[in-house]
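The values are calculated or read from the model by the stated rules, or taken from the named source; none is laboratory data. Note that the structure is a prediction, hence the values are computed from the model and not measured. Methodologically, a virtual Cβ is constructed for each residue, glycine included, from the backbone with ideal geometry; neighbour enumeration extends over all protein chains shown.
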Amino acid sequence: MNLLNNLISPFHRSAADNNGFTLVEIVVALAILSLALPTLLRSFTEGAKGQALAENRTTALYLLKFRMAAIELEGYPDIGEEDGEFGENSRFRWHSEVQDVESEEIEGMRLVTVTVTWQDGGKERLISASTYLADRQIPQ
């Protein structure tokens, strides 16, 4: 028991010493905090940027699907290109291109490509999709 008390005694404080932290403990805690805090703040900043980018990509994807569905509802589209934006002062713009598919085996087929663009952090981002539409008036 005496050996155990000798091992514990350097780490044991008396009742008078339990009033607060020592200057060394405070300095060490501040040093650890000063090393960890910038890394944590950078992580939160990058996380917020990533979340905003993901939100914009999701919005652009839904707008792309919306524009593609509008073209499909029109029926067999005319060959050409169109541009527009989704509402007034929207940061999302769309561009659609309809091309004729030239093939000896298939007639009445068009390739439709829709691209949605937006500005994000000074960079132009885009998402694009393509589909084929057939002329349903041609007998099979």
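Which of the following residues is free of Cβ contacts under 8 Å to residues at least 12 places away in the same chain, surrounded by 10 or more Cβ atoms within 10 Å (Cβ to Cβ) and within 14 Å of Val116 (Cα to Cα): Glu97, Glu85, Glu25, Glu81?
Details: Glu97 fails: free of Cβ contacts under 8 Å to residues at least 12 places away in the same chain; Glu25 fails: within 14 Å of Val116 (Cα to Cα); Glu81 fails: free of Cβ contacts under 8 Å to residues at least 12 places away in the same chain.
Sole residue among the options that is free of Cβ contacts under 8 Å to residues at least 12 places away in the same chain, surrounded by 10 or more Cβ atoms within 10 Å (Cβ to Cβ) and within 14 Å of Val116 (Cα to Cα): Glu85.
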Surrounded by 14 or more Cβ atoms within 10 Å (Cβ to Cβ) and closer than 21 Å to Asp120 by Cα: is that true of Arg42 in this structure? no
Does the stretch 108-127 hold any residues that are small (Gly, Ala, Ser) and surrounded by 12 or more Cβ atoms within 10 Å (Cβ to Cβ), and which are they? Gly108
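Can you tell me how many residues in the stretch 88-101 are more than 30 Å from the chain's Cα centre (by Cα) and not in a loop (DSSP other than H, G, I, E, B)?
First, the residues of the stretch 88-101 that are more than 30 Å from the chain's Cα centre (by Cα): 99-101.
If we keep only those that are not in a loop (DSSP other than H, G, I, E, B) as well, we get 99-100.
Counting residues in the stretch 88-101 that are more than 30 Å from the chain's Cα centre (by Cα) and not in a loop (DSSP other than H, G, I, E, B) gives 2.
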In this structure, is Glu104 modelled with pLDDT under 90, surrounded by fewer than 12 Cβ atoms within 10 Å (Cβ to Cβ) and either touching a strand residue (DSSP E or B) at 6+ places or on another chain (Cβ under 7 Å) or not in a helix (DSSP H, G or I) (or both)? yes
Reported set for the stretch 55-87 where residues are under 24 Å from the mean Cα position of the chain (by Cα) and outside any helix (DSSP H, G or I) is Gly84, Glu85, Phe86, Gly87
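For the subset of the stretch 118-140 comprising residues that are part of a strand (DSSP E or B) and under 15 Å from the mean Cα position of the chain (by Cα), which member is nearest to Leu64 (Cα to Cα)?
If we take residues in the stretch 118-140 being part of a strand (DSSP E or B) and under 15 Å from the mean Cα position of the chain (by Cα), then Ile127 is nearest to Leu64 (Cα to Cα).
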Kindly establish whether Ala52 is surrounded by 10 or more Cβ atoms within 10 Å (Cβ to Cβ), aliphatic (A, V, I, L, M), part of a helix (DSSP H, G or I) and modelled with pLDDT under 90. yes
Counting only residues that are touching a strand residue (DSSP E or B) at 6+ places or on another chain (Cβ under 7 Å), touching a residue at least 24 places away in the same chain (Cβ under 8 Å) and among the charged types (D, E, K, R), the stretch 107-140 contains a total of 2
Which of the numbered conditions does Ala134 fail, given that it passes all the others? Conditions: (1) within 20 Å of Glu72 (Cα to Cα); (2) in contact with a helix residue (DSSP H, G or I) (Cβ under 8 Å, 6 or more places away or on another chain); (3) of a type in the set (A, V, I, L, M, F, W, C). (2)
